[in-house]
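Engineer: For reference, the structure I am asking about is given below.
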Amino acid sequence: MKKLVIYGSKKLKGELTVQGSKNASLPILIATILTKGENILKRCPNLNDTINTCKILTILGCKTKRQENSLIVDTTNLYGNEISKHLMSTMRSSIIFLGALLARCKEAIVYLPGGCDIGTRPINFHISALKQMGIQVKKTGEKLHCKVKGEKIKGANIFLSFPSVGTTENIILAAVTAEGTTNIFNAAIEPEIEDLCNYLKKCGAKIKVTKNNKNSISIEGVEKLNPCTYKIMPDRIVAATIFSAVAATKGEVLLKSIKPIHLNHTLKILNEMGCLIKTYDDDNIFLKIKKPLKAVKEIKTMPHPGFPTDLQPIIMALSCFAKGTTIFIETIFENRFRHVPELEKFGAIIKVKNRICVTKGIANLHSANVCATDLRGGAALIVAAMGAHGISKICNLPYIDRGYEKIEEQFFKLGANIFRK
């Protein structure tokens with residue numbers, strides 16, 4: 001099994017163009033099912049999750065082809081409506097195929113999704129929403145067999161008790177060609193969901209996103225959608241990971257093709273920790289460390305526009321280098337501190353109780369041999385290894401490869417001594 005070998009304590013310096021977003025590319029790839037023809041998705045990252053999504057599309061009868069950083073998806077001859085348990089288990093976003101297949105085929109057979117073991121992902125939100133749209137749902141163990149009552153999915157007013165990203169995406173995909181209007185109240189409004197909506201609107205969908213105290217999305221059903229060429233948004237989590245690794249090594253970096261508005265919370269925290277941050281031309285961000293890092297008092301994960309749970313492990317790794325104490329409160333996933341024992345192998349001082357974690361920064365971490373426990377936890381280990389003294393090795397790379405495109409090449413461009421062996 002291959003490992004990442006990192007020679008730590010090497011100051012990172014240079015510039016990078018940020019890869020396309022994993023969390024935006026997957027639902028957009030799935031949304032191509034709603035069109036009949038060839039879609040060209042630019043800046044689509046080449047990741048384990050996008051590869052697995054393409055495998056599912058191929059089994060359903062679609063054709064996929066990669067050209068440099070673009071992915072071409074031809075959905076003209078889609079004929080299948082069932083996804084195997086094995087393929088569903090490869091990633092949690094596979095459940096979003098449900099809404100798209102129901103809209104295109106009027107019937108879908110899928111299984112409960114997989115992905116990283118960071119906590120429960122209730123399927124009841126999805127089932128409840130689909131039932132409100134006139135869809136029959138039969139659950140047998142891990143198998144879901146869904147059918148559209150009548151000729152078309154029916155628009156509905158749906159209130160989500162929690163702004164679930166996956167449920168919001170599933171409703172949108174089911175609603176864009178439904179009969180009538182669908183309103184989602186307390187909807188998830190992450191930038192990646194807005195990117196999905198922008199792609200669908202370019203295909204001919206009628207969608208309106210309203211941001212206020214009760215975020216909502218309104219979808220007026222149309223007869224059909226047309227394929228298009230679309231450029232996927234940059235990955236804000238990857239950008240934050242790079243910034244954190246640079247900060248841990250006391251370096252500097254210019255990140256290109258990244259929207260500062262997508263990183264509001266991250267940039268605020270990095271600034272409080274002592275990073276110098278400047279933005280250029282609306283989509284370039286410069287970061288430099290001019291003084292020792294200091295701890296931020298408290299970080300609490302919340303649904304967007306709050307601090308994202310995906311960034312919690314990564315910023316936690318950086319906090320281990322910052323003078324002072326930081327309290328992390330995890331409100332989204334109950335099992336999102338699995339990376340803590342691995343960080344402690346670097347000499348990090350961390351205490352965990354239930355969903356609260358406290359870090360005490362120290363001057364230097366030492367090298368360690370560690371294993372990624374999940375995607376973002378794996379990224380946190382890279383941040384720690386970059387700033388630590390000595391040679392570190394990280395195993396379980398398939399987790400990291402789910403969200404980071406050739407991560408060692410990206411950091412190598414910044415001068416890191418990092419190799420995959």
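Every number in this text was worked out from the coordinates using simple rules, so none of it is lab data. All figures in this text were calculated on a predicted structure; none of them were measured in a lab. Don't worry about glycine lacking a Cβ; one is built from the backbone with ideal geometry, like all the others, and counts go over all protein chains shown.
Engineer: Considering the dipole of the chain built from charges on the beta carbon (Lys and Arg +1, Asp and Glu -1) around the Cα centre, which of Asn369, Ala188, Gly99 is farthest to its positive end?
Structural biologist: Projecting each Cα onto the dipole axis, the largest value belongs to Asn369.
Engineer: Could you list the trypsin sites (Lys or Arg not before Pro) in the stretch 262-302 that lie in coil according to DSSP, counting only those with at most 14 other Cβ atoms within 10 Å of their Cβ?
Structural biologist: Here the trypsin sites (Lys or Arg not before Pro) that fit, given the DSSP loop and packing criteria, are Lys290, Lys297.
Engineer: For Lys131 and Asn77, calculate 0.36 nm times their separation in residues minus their Cα-Cα distance, and state this gained length in nm to one decimal.
Structural biologist: Full-extension gain reported as 16.6 nm.
Engineer: Students often get this wrong, so check it: of Lys138/Lys224; Lys22/Lys106; Lys214/Lys300; Lys2/Lys300; Lys85/Lys256; Lys256/Lys345, which have C-alpha atoms separated by over 30 Å?
Structural biologist: From the list (Lys138/Lys224; Lys22/Lys106; Lys214/Lys300; Lys2/Lys300; Lys85/Lys256; Lys256/Lys345), the Cα-Cα distance tops 30 Å for Lys2/Lys300; Lys85/Lys256; Lys256/Lys345.
Engineer: Using just the alpha carbons, could you tell me how many Å³ per residue the convex hull of the stretch 344-395 encloses?
Structural biologist: 75
Engineer: In whole Hz and in residue order, list the ³J(HN,Hα) couplings for the stretch 79-89 that follow from phi through the Karplus curve 6.51 cos²θ - 1.76 cosθ + 1.60, θ = phi - 60°; x for Gly and Pro.
Structural biologist: For the stretch 79-89, the Karplus-derived couplings read 10, x, 9, 10, 10, 5, 4, 4, 5, 5, 6 Hz, x marking Gly and Pro.
Engineer: Ordered by packing density, taken as the mean number of other Cβ atoms within 10 Å over each peptide's residues, highest first, how do 240-246, 307-313 rank?
Structural biologist: 240-246, 307-313
Engineer: Assuming R0 = 51 Å, can you tell me the calculated FRET efficiency for the pair Lys149 and Ile356, based on Cβ-Cβ distance, to the nearest 0.05?
Structural biologist: With a Förster radius of 51 Å, E is 0.65.
Engineer: Under a plain spin-label model, where a point goes 7 Å from the Cα along Cα-to-Cβ, how far apart in nm are Lys206 and Ile261?
Structural biologist: My value for the distance between the label points is 2.5 nm.
Engineer: Net charge within 12 Å of Leu254 by Cβ-Cβ distance, Lys/Arg positive one each and Asp/Glu negative one each, not counting Leu254 itself?
Structural biologist: +1
Engineer: Between Thr229 and Lys11, what FRET efficiency comes out of the Förster formula 1/(1 + (r/R0)^6) with R0 = 35 Å and r the beta carbon distance, rounded to 0.05?
Structural biologist: 0.30
Engineer: Let me ask something additional. Give me the three principal axis extents of the stretch 22-231 from the C-alpha atoms, as integers in angstrom, largest value leading.
Structural biologist: 41, 37, 36
Engineer: Given a cut-off of under 8 Å on Cα pairs at least six residues apart, what relative contact order in percent is computed for the stretch 22-231?
Structural biologist: 21
Engineer: Still on this structure: Taking N as the number of residues in the chain, what is its Cα Rg relative to 2.2 N^0.38 Å?
Structural biologist: 0.98
Engineer: Name the aspartates and glutamates eligible as straight-distance cross-link partners of Lys294: C-alpha to C-alpha under 12 Å, and not fewer than 8 places from it in the same chain.
Structural biologist: Here the aspartates and glutamates satisfying the reach criterion relative to Lys294 are Glu272.
Engineer: Same structure again: Report the label-to-label distance for Ile277 and Lys297 in nanometres (one decimal), using points 7 Å from each Cα along the Cα→Cβ vector.
Structural biologist: Each label point lies 7 Å from its Cα, and together they span 1.9 nm.
Engineer: Please identify the GluC sites (Glu not before Pro) of the stretch 20-106 that satisfy two criteria: DSSP loop assignment and at most 11 other Cβ atoms within 10 Å. Which are they?
Structural biologist: When the GluC sites (Glu not before Pro) of the stretch 20-106 are filtered for loop state and at most 11 Cβ neighbours within 10 Å, Glu68 remain.
Engineer: Using a cut-off of 10 Å between beta-carbons, work out the net charge of the residues near Cys146 (Lys and Arg +1, Asp and Glu -1, Cys146 not included).
Structural biologist: Once positives and negatives cancel, what remains is +4.
Engineer: Counting Lys +1, Arg +1, Asp -1, Glu -1, what net charge surrounds Gly361 among other residues with beta carbon under 15 Å of its beta carbon?
Structural biologist: Local net charge: +4.
Engineer: Enumerate the amide H contacts of Lys300 below 5 Å, restricted to partners 5 or more residues apart or on another chain; note that Pro and chain-start residues carry no placed amide H.
Structural biologist: Counting only residues 5 or more places away or on other chains, the set is Ile329.
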